[in-house]
Amino acid sequence: MKLVIGCDHGAVELKDSVKEVIAKEFPDIEVNDVGTFGTASVDYPDIAEKVCAEITSGAAEKGIVLCGTGLGISIACNKVKGIRAALCNDVFSAKMSREHNDANILGLGGRVLGFGPAGEIVKAWLSTPFSGDERHQRRIDKMMALENK
């Protein structure tokens, strides 16, 4: 699987930690890091746009976005047609975002989560498949239809 990851200046350290977890726990996942790579201020919508472009083009199946709280970058991602970004601060939400909502982007907060909890959230999110259940698919279809209103 190909995964794209990106963050603003508020989450560079957590992004690097998440990449280490992925490399260790999921060696078959190819990670494309679209930045940022330092602490100089950048605008999170620009990073969200890069991550979403990778997914909507088919270059990546899933993505992970990070900013200080995870809120702004997740909201920005959800403005892009075809994206279902889920901000998750716990393992249960991460699992449900995949199992019930088939989220294609995981949002994390660099100033909210520690390295340990973030790693557990990422592992849960990446290892949980979409259930494929008819009722969940129906709800996803309705949710995605809202993009056209």
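The values are calculated or read from the model by the stated rules, or taken from the named source; none is laboratory data. Everything numeric here is computed off the predicted structure, so don't read it as measured data. All Cβ positions, even for glycine, are placed from backbone atoms using ideal geometry, and neighbour counts span all protein chains on display.
Here is how the numbers come out for the structure above:
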quantity: Some residue of the range 40-49 being surrounded by fewer than 18 Cβ atoms within 10 Å (Cβ to Cβ), out of contact with any Ser or Thr (no Cβ under 7 Å at 6 or more places or on another chain) and closer than 20 Å to S17 by Cβ; calculated: yes
quantity: Criterion violated by A60 - all others in (1) in a loop (DSSP other than H, G, I, E, B); (2) surrounded by fewer than 20 Cβ atoms within 10 Å (Cβ to Cβ) satisfied; calculated: (2)
quantity: Wholly enclosed helices (runs of 4 or more DSSP H) of the range 63-149 bearing at least 2 residues closer than 18 Å to D43 by Cβ and under 13 Å from the mean Cα position of the chain (by Cα); calculated: 71-77
quantity: Per-region count, the range 2-53, residues over 13 Å from G110 (Cβ atoms) and aromatic (F, W, Y); calculated: 2
quantity: Positions within the range 79-97 being within 15 Å of L3 (Cα to Cα) and either at pLDDT below 95 or surrounded by 23 or more Cβ atoms within 10 Å (Cβ to Cβ) (or both), in sequence order; calculated: A85
quantity: Only one of K2, K15, K19 that is free of Cβ contacts under 8 Å to residues at least 24 places away in the same chain and either charged (D, E, K, R) or on the phi < 0 side of the Ramachandran plot (or both); calculated: K19
